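Data block below; observations after.
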Amino acid sequence: MLSTAQRAAIAKDLVAKWQSAADSRPGGGGSRWARMLTKAVMAAGAENVLKATTARSVDEVPLALTGGDIANPAPPENQVAGSGSVAPQTLGSYYNDLVYTPLPYGRCRIANSVVLGSPLVGTRNLYIEDAPNYTSQGGAGTYANGTGSTNCGINLYAAAYAVSVTLQSPAGAGAFKVFKYGTPYQTGNTVWMNAGSSGASADLIVSSCQGCAFDISIYSGVSVHYLIDIVGYYMPPVRTALSCYDTGANVSQLGSGYSGYFPPPSCPGGYSRVSTNCWSSLAAVTLAQWTTGCIAYNFSGGTSDIGASARCCQVPGR
């Protein structure tokens, strides 16, 4: 466990260590990066917070805080499958193994140029996370309450967003791009539009610029109005607590001066034994506890009951 004071001290140290690196990367950082980092440190699990203190780069800090494995770096890019030089390091990848979470209140409107009275020509930058509201972008928040509050229900440091785009009144034919902030617009996903048409739309997956000055950007070569909703986001899987229970005990008797091995009941299908619990009815009995069972030595002058039970666990889910 980490106290509030300890978390605050760790956040301060991480900001001091990595702020300049965050500011100098594509997408920048600034006060928003520091604010998001501090919030994440105060809310993350203690293990992830401590892992973040061992980060080797500014990009590993949010990975650690969201449960990513930073202990084993990815193999070099020139290691091609089939070359004999590739060896698996871990099962799964933080970058590839992401879980989609739909927004708890449905669609969240983060931007609407019609409300602003300002169609897009060129590039415009948008924020999604750590947002008190979206009024400066013409957004109205979730349809459930329309207040623009609750940060769309998105956790800090999402890896990517599910974005729904609708276009209105384009001045010409062209491409509307949605892309990760700090990257060229040519890398973005595209919604095609024609002059004078309304209602061109698409559902896109867009990477997030984690902890940057903004999260995503949009681009259009011709004047067009846009409505942008977030419908979900992608993050690493949440750690799932094991489902465990203790079996009943196998009880046997052990005479004075004797020793013996006493196994616990077996776990049912789908469960694995993770530990064995041992007990005796007399104090002058020495017990050795093993995962597979109990060994008892009876130094008392009488017969003792010896009990052995198992703790059985499984990962919950389908």
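The values are calculated or read from the model by the stated rules, or taken from the named source; none is laboratory data. Please read these numbers as outputs of a predicted model, since none were measured by experiment. Cβ: placed from backbone, ideal geometry, glycine included. Neighbour counts: every protein chain shown.
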Next on the checklist: Quick test of your reading of the structure: residue 248 fulfils all but one of (1) assigned by TED's automatic domain parsing to the domain that holds residue 173; (2) in contact (Cβ under 8 Å) with a residue 60 or more places away in the chain; (3) loosely packed, with under 14 Cβ neighbours inside 10 Å. Name the failing condition by number.
Outcome noted: (1)
Next on the checklist: Can you name every one of the strands (runs of 3 or more DSSP E) wholly within segment 235-317 that holds 2 or more residues which are of a type in the set (A, V, I, L, M, F, W, C)?
Outcome noted: 250-254, 272-280, 285-289, 294-298, 304-314
Checklist entry - In the set 101, 147, 90, 123, which member is among the hydroxyl-bearing types (Ser, Thr, Tyr) and at pLDDT 95 or above? => result 123
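One line per residue, one yes/no per condition, for (1) out of contact with any Lys or Arg (no Cβ under 8 Å at 6 or more places or on another chain); (2) among the hydrophobic types (A, V, I, L, M, F, W, C); (3) outside any strand (DSSP E or B); (4) farther than 30 Å from residue 62 by Cα:
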residue: 158; (1), (2), (3), (4): yes, yes, yes, no
residue: 167; (1), (2), (3), (4): yes, yes, no, yes
residue: 179; (1), (2), (3), (4): yes, yes, no, no
residue: 203; (1), (2), (3), (4): yes, no, no, no
residue: 230; (1), (2), (3), (4): no, yes, no, no
Item to check | From the options 207, 217, 243, residue that is under 30 Å from residue 177 (Cα atoms), touching a Cys at 6+ places or on another chain (Cβ under 9 Å) and among the small types (Gly, Ala, Ser) | outcome: 217
Checklist outcome for this item: All-but-one check, residue 182 against (1) under 30 Å from residue 41 (Cβ atoms); (2) of a type outside the set (A, V, I, L, M); (3) crowded, with 22+ Cβ neighbours inside 10 Å, failing number (3)
